[in-house]
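Student: Quick one: this structure, given as structure tokens, is what I'll be asking you about.
No value in this document is a laboratory result; all are computed from the given coordinates. Just so it is clear, the structure is predicted and the values come from calculations on it, not from any experiment. FYI the Cβ positions are ideal-geometry reconstructions off the backbone, even for glycines, and counts take in every protein chain you see.
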Amino acid sequence: MTKYVAFLRGVNILGHNILKMEELSQQINSLEFKNVSTYKQSGNIIFTTSFNNSNLISRKIQRELHKLLGVDVKVFLRTLMEVEEIVQLNPFKKVKSNSTKLYVTFLPEEFSNRPRLPLKSANKDVEIMLLRNCEAFSLAYKKKGRFGYPTNFIEKKFQVLATTRNWKIIKGIVASAHLNDDS
């Protein structure tokens, strides 16, 4: 059995695609996944399964979400081990500023033509500092009273769908996944 984390794109954002995490857990549990739990309200599902085909797992979850919401929701699937590697990498360890937000954006695939880094948004409120595997690690800066958010910048720049979580959420998912271990 492998433990996975599914990051859902566009669930419970600004009043759109509202889904109670308890309902989501019940539906995902019905897909023959075990030890299903959610983390926060932003569409993070932790579960174990004996299926070892990530495309099949993602499609099953996407079909179930379509039944629940009536819209297509993109699922970014990672093993718990991959998420743990992200936390262990900790590319933000040298970032000292309290006026910076830290983000991990999940991408559908690796870039074959990697851009030169750091890569900054036009208004300098988002800076991609690292691309690794299928993740972009970004810093967000406050401009005109608001922090930048990397998803829109990354999606437009690279012509892909993506989903973003703040660094605290990523670390919290790993901690929560181990709290729910049944071993």
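Student: Taking the Cα centre of the chain as origin and charging only Cβ (+1 Lys, Arg; -1 Asp, Glu), how large is the dipole, in debye to the nearest 20?
Tutor: The dipole of the chain has a size of about 1020 debye.
Student: For each pair in 40/60; 60/93; 93/143; 20/144; 3/67; 3/74, compute the distance between the two Cα atoms and list the pairs where it is over 27 Å.
Tutor: Result: 60/93; 20/144 exceed 27 Å.
Student: Further question: In the stretch 104-168, which trypsin sites (Lys or Arg not before Pro) are in a loop and have at most 11 other Cβ atoms within 10 Å, using DSSP for the loop call?
Tutor: Answer by residue number: 116, 124, 144.
Student: To the nearest 20 debye, what is the magnitude of the charge dipole of the stretch 65-126 about its Cα centre, counting +1 on the Cβ of each Lys and Arg and -1 on the Cβ of each Asp and Glu?
Tutor: Taking the Cα centre of the stretch 65-126 as origin, the dipole is about 420 debye.
Student: A further question on this structure: What aspartates and glutamates does residue 101 reach when the alpha-carbon gap must be under 12 Å and sequence neighbours fewer than 8 apart in one chain are set aside?
Tutor: Of all the aspartates and glutamates, those that pass the test against residue 101 - Cα under 12 Å, at least 8 places apart if same chain - are 125, 127.
Student: Tell me the label only: which of (i) 28, 18, 16; (ii) 42, 20, 13; (iii) 25, 18, 17 is semi-axes √(5λ) of the Cα gyration tensor in Å as calculated from this structure?
Tutor: (i)
Student: Could you pull out the longest piece of the chain with no exposed loop GluC sites (Glu not before Pro) in it, calling a site exposed if DSSP puts it outside H, G, I, E, B and it has at most 12 other Cβ atoms within 10 Å?
Tutor: Of all site-free stretches, the longest is 33-108.
Student: Using 0.36 nm per residue of separation minus the Cα-Cα distance, give me the extension gain between residue 68 and residue 175 in nm, one decimal. Present the calculation step by step, with values, prior to reporting the outcome.
Tutor: Working: separation 107, 0.36 × 107 = 38.52 nm, distance 2.81 nm.
Here the answer is 35.7 nm.
Student: Is there a quick way to get the dipole size of the stretch 89-166? I mean about its Cα centre, with the Cβ of Lys and Arg at +1 and of Asp and Glu at -1; what is the value in debye to the nearest 20?
Tutor: Dipole magnitude for the stretch 89-166 comes out near 500 debye.
Student: Once both labels are modelled 7 Å past Cα along the beta-carbon direction, what's the residue 50-residue 146 spacing in nm?
Tutor: 4.9 nm
Student: Which residue, chosen from 121, 49, 134, occupies the Cα position most advanced towards the positive end of the dipole of the stretch 1-138, where the dipole is computed from +1 (Lys, Arg) and -1 (Asp, Glu) charges on Cβ about the Cα centre?
Tutor: Checking the options against the dipole of the stretch 1-138, the answer is 121.
Student: Next question. Using the alpha-carbon centroid of each, what span in Å lies between the stretch 66-89 and the stretch 135-159?
Tutor: 19 Å
Student: At q = 0.14 Å⁻¹, what is the base-10 log of I(q)/I(0) for the stretch 1-94 according to the Debye formula with one equal point scatterer per Cα and no solvent? Please give it to two decimals.
Tutor: -0.50
Student: Which length gain, in nm to one decimal place, applies between residue 81 and residue 123 when the Cα-Cα distance is subtracted from 0.36 nm times their residue separation?
Tutor: Numbers: separation 42, 0.36 × 42 = 15.12 nm, distance 3.53 nm.
That pair, residue 81 and residue 123, stretches by 11.6 nm at full extension.
Student: Next up: Per the Debye formula with a single identical scatterer at each Cα and no solvent contribution, what log10 I(q)/I(0) holds for the stretch 89-166 at q = 0.26 Å⁻¹?
Tutor: These q points yield log10 I(q)/I(0) values of -1.39.
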